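Report on one structure; see the data block that follows.
The values are calculated or read from the model by the stated rules, or taken from the named source; none is laboratory data. It should be emphasised that the depicted structure is a prediction, and the values quoted were computed from it without experimental measurement. Note that we place each Cβ from the backbone using ideal geometry, even for glycine, and neighbour counts take in every protein chain shown. Accessible surface is based on the protein model in full, side chains and every heavy atom, while ligands, DNA and RNA are left aside. Shrake-Rupley method; radii C 1.70, N 1.55, O 1.52, S 1.80 Å.
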Amino acid sequence: MKIALRSLQLAFVLSVLPLPASAQEVRASITGIVTDSTGAALPNATVRVVNVASQISVTAVTNESGNYVTPFLAPGSYELSVEAKGFKKFVRQNIVLQLQDRARIDAQLELGELTQSVTVSSAVSTLETETASRGATLSNEMIANLPTQGRNPFQLAWAAPGVFKSGGWRYLRSFDIAGTTGFSANGGRASENEVLLDGISNVRSSRTVIHVPTMESIQEFKILLNTYDAQYGRTGGGIVTMVTKGGGNDLHGTLFEYFQNDNLNANQFELNAAGRP
């Protein structure tokens, strides 16, 4: 009786323990090296990265080789500053990070006081040297302006280079999950694509999408075609990654009306073939 009771208690404890949840990192990071005017590495320099919209900051300290990394940065616009005793403050502005970006920003400090600063406002190069993954990223502005039929964001994947639409699904409506992964990426198997929403898998075991977010809620949309990191799995094709908007300190919103007039729309091919209006 005691053994049975202990087994029942053990089963209850195991049932309430949290199970590990697999997820992929969709946030960006900045890495680089801090040196002096001679090119020598500067250890123990303080690197601070600030999100312009939310003013959330991430701080890192350079190691003995002058290297630093600031991970887990949400897509958006950033400003980077570097401070070290006996040197002028270094400021880099206009840093725009997209989802899963790995930007490299090196800083060379000049001798002087911390009250003095050197500001660089040029945009960061779009050439990614820290990753070999290949794909296409669509910003929020492109998502808002690119035409889609039915306002379904998965149609954006069809326009990416190396993507071939397969199957009979051509008319994706809002929140319509049918045919959302019916494409081949760089010769991969059709309908074997992984879909990540804020880093969490958004497909069932049948590869059917669970949830289709609205166009207004998406911050960025990206499709990876090949050379994935080791963090990815469960796919025999491409990887669609969507990140929803995180908001900022200013109150704002979106209002839209989706209007389709059947008197102005052209008839579909299938209906024309059947002689139906």
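General remarks:
- Selection count, segment 81-100, where residues are surrounded by 15 or more Cβ atoms within 10 Å (Cβ to Cβ), outside any strand (DSSP E or B) and at pLDDT 80 or above: 3
- Top-ranked residue of segment 106-124 - restricted to ones that are modelled with pLDDT under 90, part of a loop (DSSP other than H, G, I, E, B) and over 32 Å from the mean Cα position of the chain (by Cα), ranked as surrounded by the fewest Cβ atoms within 10 Å (Cβ to Cβ): T115
- Lone qualifier among G236, G246, G275 - being without any contact (Cβ under 8 Å) to a residue 60 or more places away in the chain, under 22 Å from D198 (Cα atoms) and open to solvent by less than 100 Å² (accessible area, probe 1.4 Å): G236
- Of all the criteria given as (1) touching a helix residue (DSSP H, G or I) at 6+ places or on another chain (Cβ under 7 Å); (2) within 16 Å of G236 (Cβ to Cβ), the one not satisfied by S201 is (1).
- Condition met for A103 (open to solvent by less than 80 Å² (accessible area, probe 1.4 Å), modelled with pLDDT of 80 or more and under 21 Å from the mean Cα position of the chain (by Cα)): yes
- Restricting E83, E79, E64 to residues that are without any contact (Cβ under 8 Å) to a residue 24 or more places away in the chain and of a type in the set (D, E, K, R) narrows the list to E64.
- Remark: pairs (first residue in segment 176-192, on the phi > 0 side of the Ramachandran plot and assigned to a loop (DSSP other than H, G, I, E, B); second residue of a type in the set (S, T, Y) and open to solvent by less than 20 Å² (accessible area, probe 1.4 Å); Cβ separation under 8 Å; 6+ apart in sequence or on different chains) = S191/T181.
- Qualifying residue in segment 201-209 (condition: part of a loop (DSSP other than H, G, I, E, B), modelled with pLDDT under 80, exposed (fewer than 13 other Cβ atoms within 10 Å of the Cβ) and of a type outside the set (D, E)): yes
- Taking residues in segment 108-120 that are touching a residue at least 12 places away in the same chain (Cβ under 8 Å), and partners anywhere that are of a type in the set (D, E) and in a strand (DSSP E or B), the pairs with Cβ atoms closer than 8 Å and at least 6 places apart or on different chains are L114/E83.
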